[in-house]
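A short write-up of the structure that comes next.
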Amino acid sequence: MTIFLLILFGVIGGIFGGMGMGGGTMLIPLLTIFLNFSQKVSQGFNIFSFLVMAVFALIIHIKNGLVDIKSVFPIVLSGILFSLGGAYLANLVKGNVLKIIFGVFLILLAIFEIFKLFKENKTKN
């Protein structure tokens, strides 16, 4: 049953990731709630799966001419540096605190998306 759920959660994470919402938005809660993985292990799974999916997405985007190579390097460099810092901080913080931080992040993200939806509806009317 665990293997089935892991595959199912991978499919769900891939669909959300492909839609640009970030697969981890779904993958991390699914792993922690339904498979009782710790927050840190779930984040590790998410990062690894993201890296694999990102390579394939990058290849497709480069083939379609959607990547501005000149703009990529500053983003990648700052992303690497702050990812190292974020990983270091995540190791210092207890798993329960990470769950709360991630939950607050998801709530704020939902509020932002709701306001964005209302703003788009106002401009259409």
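The values are calculated or read from the model by the stated rules, or taken from the named source; none is laboratory data. Since this is a predicted model, take the numbers as computed values, not measurements. To get the accessible areas, we keep the full protein, side chains included, count just its heavy atoms, and leave off ligands, DNA and RNA. Shrake-Rupley method; radii C 1.70, N 1.55, O 1.52, S 1.80 Å.
Computed values, structure above
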{"item": "Accessible surface of the chain [probe 1.4 Å, protein heavy atoms]: carbon and sulfur percent", "result": "77"}
{"item": "Solvent-accessible area per residue, Å², over the chain with all protein chains present [probe radius 1.4 Å]", "result": "78"}
{"item": "DSSP H segments from the chain that extend 24 Å or more along their own axis, Cα-based, with Kyte-Doolittle mean of 0.5 or above", "result": "39-63, 69-92, 95-124"}
{"item": "Ellipticity estimate at 222 nm from DSSP helix runs (n ≥ 4, -39,500 (n - 2.57)) divided over the chain, nearest 500", "result": "-30000 deg cm²/dmol"}
{"item": "Lysines with Cα under 26 Å of LYS116, excluding same-chain neighbours fewer than 8 positions away", "result": "LYS99, LYS124"}
{"item": "Percentage relative contact order, the chain, counting C-alpha pairs under 8 Å, at least six apart", "result": "18"}
{"item": "Rounded, prolate or oblate (a/c below 1.5 giving rounded, otherwise prolate when a/b exceeds b/c) for the stretch 52-118 by Cα gyration tensor", "result": "oblate"}
{"item": "Listed candidates (i) 14.0; (ii) 16.7; (iii) 15.1 - label of the one calculated as Kirkwood radius over Cα pairs in Å", "result": "(ii)"}
